[in-house]
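Below is one structure; the comments refer to it alone.
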Amino acid sequence: MRGLRGPPPALRLPLLLLCLLAGERRSWADGNTTASPLTSLPIPEVMMTKYSNLSLKSHNISLTASPLTSLPIPEVMMTEYSNLFLESHNISLTEHSSVPVEKNITLERPSAVELTCQFTTSGDVNSVNVTWKKGDEQLKNYHVSATGGILYTQYKFPIINSEQLGSYSCFFEEEKERRGTFNFRVPEVQRKNKPLITYVGDSVVLVCKCQHCAPLNWTWYSGNRSVQVPLDVHMNDKYAINGTNANETRLKIMQLSEDDKGSYWCRAMFQLGESQESVELVVISYLVPLKPFLGIVVEVILLVAIILFCEMHTQKKKMHTDDGKEFEQVEQLKSDDSNGIENNAPRHRKNEAVSQ
């Protein structure tokens, strides 16, 4: 048996055209058009197909977003700065708290910060309004949760520069407003409160310290707060700066004169800012402490002179008094003697008359 043969070559082209026409009619009956693959795409797709040789950057938002973008903004920031040191601090408040509660925190390097405020109330925790502020600026993206009669709120953020330092406060507003404040600042520089007093020609060492911190560097200035002149130890042999530890600095001033007195500022530099403090220096001459002594000596001399003068005056007055008394006694004796002679004369005469 012979197998089936295809149509003759003369009929193949008409049959192909009939098949195409049948397919077009079927698509028209279904209400669809069979456009070419290029023209069936939307216009942006046509352009992307046309420029398919270019590199593609996608900025679409999909339902299956990355873990970073699916987190809230503070969580995104905390994830981005996950290599930072974590600082966790909390404040507890109650409905009986009458004054704001503050907590001072020192930072010398960038850190990830986690602040938590806890508020205990006997009322309905859902009626308590919770807000966060940095200074007077309202903050967002903080978390609030409740367990029984305790309300918790947490705020997470990184501190990577000096502008982010300052006061962060949580507010619980029920019948009254309760506030807890976290004060962030760089470590403080410590120095002696009393002025240093020294003499002309001597040397003095000014010391500044920073407890439990290690500044990046120290700088010394002279002058007041508004006008500070840096001290260049390399150009002036009068000054020498050194320190035994990283947390302290020492300024040595040699061959002091009265022009060296005044304020000296030590400034500590940290990654998050700077901290400074002043040391007061008083330079006096050796005659200055002698002045009170000389004054005392003069007073003593004057007092002794007055006492001697009074003694001499008293002695002279006493001598005049004694001379007067002696003169009166002599006069009295003379008068007594004369009276005795006069009295004896009549007696003598009387005795002569009796004897006769």
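The values are calculated or read from the model by the stated rules, or taken from the named source; none is laboratory data. Note that the structure is a prediction, hence the values are computed from the model and not measured. Positions of Cβ are backbone-derived with ideal geometry, glycine not excepted, and every protein chain shown enters the neighbour counts. Heads up: the accessible areas ignore ligands, DNA and RNA and are worked out on the full protein's heavy atoms, side chains in. Shrake-Rupley method; radii C 1.70, N 1.55, O 1.52, S 1.80 Å.
List of remarks:
- Scope the range 249-273; condition over 15 Å from the mean Cα position of the chain (by Cα) and charged (D, E, K, R); matching residues: R250, K252, E258, D259, D260, K261
- Count of the range 231-259 residues which are hydroxyl-bearing (S, T, Y), in contact (Cβ under 8 Å) with a residue 12 or more places away in the chain and within 21 Å of S275 (Cα to Cα): 1
- Tally, over the range 150-197, of residues that are assigned to a strand (DSSP E or B), open to solvent by 70 Å² or more (accessible area, probe 1.4 Å) and under 21 Å from C213 (Cα atoms): 2
- Extreme residue, most open to solvent (accessible area, probe 1.4 Å), among residues of the range 233-292 that are within 30 Å of E163 (Cα to Cα), among the aliphatic types (A, V, I, L, M) and part of a loop (DSSP other than H, G, I, E, B): A246
- Checking the range 293-304 against the condition returns a match, with at least one residue being exposed (fewer than 14 other Cβ atoms within 10 Å of the Cβ) and charged (D, E, K, R).
- Test for K209: is it open to solvent by 80 Å² or more (accessible area, probe 1.4 Å) and in contact (Cβ under 8 Å) with a residue 12 or more places away in the chain: yes
- Restricting the range 100-148 to residues that are aliphatic (A, V, I, L, M) and assigned to a strand (DSSP E or B), the residue that is surrounded by the most Cβ atoms within 10 Å (Cβ to Cβ): L115
- Counted residues, the range 101-141 - those being of a type in the set (S, T, Y) and in contact with a Leu (Cβ under 9 Å, 6 or more places away or on another chain): 4
- Checking each residue in the range 245-256 for being in contact with a strand residue (DSSP E or B) (Cβ under 8 Å, 6 or more places away or on another chain) and of a type outside the set (K, R) picks out N247, E248, T249, L251, I253, M254, L256.
- Hits in the range 212-227 - residues which are open to solvent by 20 Å² or more (accessible area, probe 1.4 Å), in a strand (DSSP E or B) and not polar (S, T, N, Q): W218, Y221, G223
- Taken as a whole, the structure leaves Q332 outside the set of residues that are at pLDDT 65 or above, of a type outside the set (A, V, I, L, M, F, W, C), in contact with an Asp or Glu (Cβ under 7 Å, 6 or more places away or on another chain) and surrounded by 10 or more Cβ atoms within 10 Å (Cβ to Cβ).
- Residue match in the range 73-94 (condition: open to solvent by less than 50 Å² (accessible area, probe 1.4 Å), under 30 Å from S275 (Cβ atoms), in contact with a Phe, Trp or Tyr (Cβ under 9 Å, 6 or more places away or on another chain) and at pLDDT below 90): yes
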